[in-house]
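Some notes on the structure that comes next.
The values are calculated or read from the model by the stated rules, or taken from the named source; none is laboratory data. Just so it is clear, the structure is predicted and the values come from calculations on it, not from any experiment. No Cβ is skipped: glycine too gets one built from the backbone with ideal geometry, and neighbour counts run over all protein chains shown. Heavy atoms of the whole protein, side chains included, go into the accessibility calculation; ligands, DNA and RNA do not. Shrake-Rupley method; radii C 1.70, N 1.55, O 1.52, S 1.80 Å.
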Amino acid sequence: MRQAFQLVAAVVILGCGSASAPTPTLNTETLSLEAVAWTSVPWSTPISFVHETSSGVALCTSESLVLIAGGVVANRTSEGKACESGARVPASEGTGQWDIVVAGGSILRLGDDGTTEAVSERYGLEAKKVTRVVSIDADQFAFQYDTGFAIVNKGEARQFAQAGLTSIAAANGKFGYLTNDAARVLDTKTNGLSAYPVADAKGISFDASNRLVVTTAAAIYREDGDSLVPLADGQTYLSAPASAGGKVWIIEGAELILLEDDHVFKTSGLALSAGATIFGSSTGDVWLSRPSGVARLRHGASGNALEQKWQTDVQPIYASVCSACHGPTGSAQIDLSNYNSWVSRKAALNDRIVVKGDMPPKGVTLSAEDRAKLSAFIGSTP
Ligand code: HEC
């Protein structure tokens with residue numbers, strides 16, 4: 001690989017400090033979440049990835065890629081189903097930006113109307129199994145594939161073979177890549193390469209100060225000078241970090257952690273289900289996909305605990321049991337798709353769910369456990 005050799009020859013090894021001994025505690029502040037409205041279509045299918053485009057939100061399920069624009073389904077295509085990654089990247093033709101998603105090993109350009117065009121060939125990657133795309137800066141972006149990565153600069157792709165590559169990340173001119181034994185950061189402006197030995201990392205990300213963040217199953221590390229310093233150790237079970245416009249979201253067991261500037265926020269009692277996954281939004285929000293459906297959440301300044309409870313306890317039940325009839329344009333003509341609608345209909349909900357128990361109607365099942373959850377929420381509504 002001639003080009004790989006060129007990269008190695010050009011870079012200067014800057015840092016090679018190792019991850020220092022973990023400290024036992026994590027100083028966290030309470031994280032309160034607010035649900036962000038993103039669709040008027042009831043959405044209860046788990047997703048493999050979500051990518052925000054200029055025209056809407058593209059979600060991938062195991063069956064299709066769906067573009068939701070203006071709150072409604074604008075397009076649905078099986079091309080791009082089960083997509084794994086996506087990014088807004090500098091256009092490889094003309095000016096502006098392209099929305100790119102990666103699905104089934106191929107690179108797809110996503111049009112404003114939600115249709116897709118296969119573009120692997122444009123980057124010379126048609127024979128590779130591409131798994132991830134990240135945006136580096138206004139000129140550059142990168143792909144991860146089975147045997148290495150490619151950095152695209154002004155439409156020109158250069159491939160670098162890399163054994164044992166597990167993940168890539170990028171921000172503000174920095175490109176990070178992870179192997180089984182180290183995380184490396186290439187500063188694309190200076191060509192300086194820093195290496196941070198860390199074993200069994202789950203993923204990497206960059207924070208708002210361009211510091212590398214690395215998680216393992218039990219610890220969060222952040223770049224400090226030329227070493228990785230543990231922010232937290234002894235956590236229950238940590239996910240890969242999700243980059244969200246300078247913020248970093250991480251699942252810890254059944255809770256969510258948010259790294260924001262020098263603060264570490266953590267939810268209390270969120271009770272995420274085991275199958276939950278997260279995707280960062282460039283707005284700083286986080287997308288949460290659970291077996292019961294998808295929510296977009298924001299770090300709430302005021303932190304309405306009851307709304308958080310609605311999001312975690314009620315929304316999944318609404319999505320699976322009530323949404324068929326109680327969507328914004330549903331047959332019952334009673335919209336129960338959001339928190340406010342539940343608060344304003346407290347009396348009717350109490351009557352039909354708690355007292356009479358005649359909702360949902362015969363033929364639709366609501367388990368006793370779920371009815372108890374709804375009752376508890378209705379009972380705590382002012
Ligand atoms: C199969 C369709 C269907 C499903 C599923 C369903 N509903 Fe209904 N619901 C209706 C219809 C139709 C009405 C209006 C007629 C009535 O009041 O019985 C209604 C009325 C209501 C009302 C009375 C609203 C008011 O302002 O008087 C409440 C409260 C309610 N539903 C809650 C729920 C909840 C909560 C769920 C899910 C756990 C649910 N429903 C599931 C069809 C449904």
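The table below lists the values:
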read-out: Label-point separation, residue 153 to residue 346 (7 Å along Cα→Cβ), nm; value: 6.2
read-out: Angle between the chain longest axis and helix 368-380 axis [Cα atoms, degrees, rounded to 10]; value: 80
read-out: Lysines whose Cα lies under 23 Å from that of residue 154, excluding same-chain neighbours fewer than 8 positions away; value: 128, 129, 174, 189
read-out: Residue 208 long-range amide H proximity, modeled H, under 5 Å; value: 261
read-out: Set of aspartates and glutamates near residue 362 by C-alpha distance (under 18 Å), chain-local residues within fewer than 8 positions excluded; value: 351, 370
read-out: Carbon/sulfur fraction of accessible area - the chain, other protein chains in place, 1.4 Å, %; value: 49
read-out: Long-range amide H partners of residue 244 with built H, under 5 Å; value: 249
read-out: Estimated 222 nm signal from helices in the chain, with DSSP H stretches of n ≥ 4 weighted -39500 (n - 2.57), rounded to 500; value: -2500 deg cm²/dmol
read-out: Nonlocal amide H pairs with residue 218, under 5 Å, H built at 1.01 Å; value: 238
read-out: Fraction of alpha-carbon pairs over 34 Å apart in the chain - percent; value: 33
read-out: Heavy-atom surface of the chain, accessible at 1.4 Å and reported per residue (Å²); value: 44
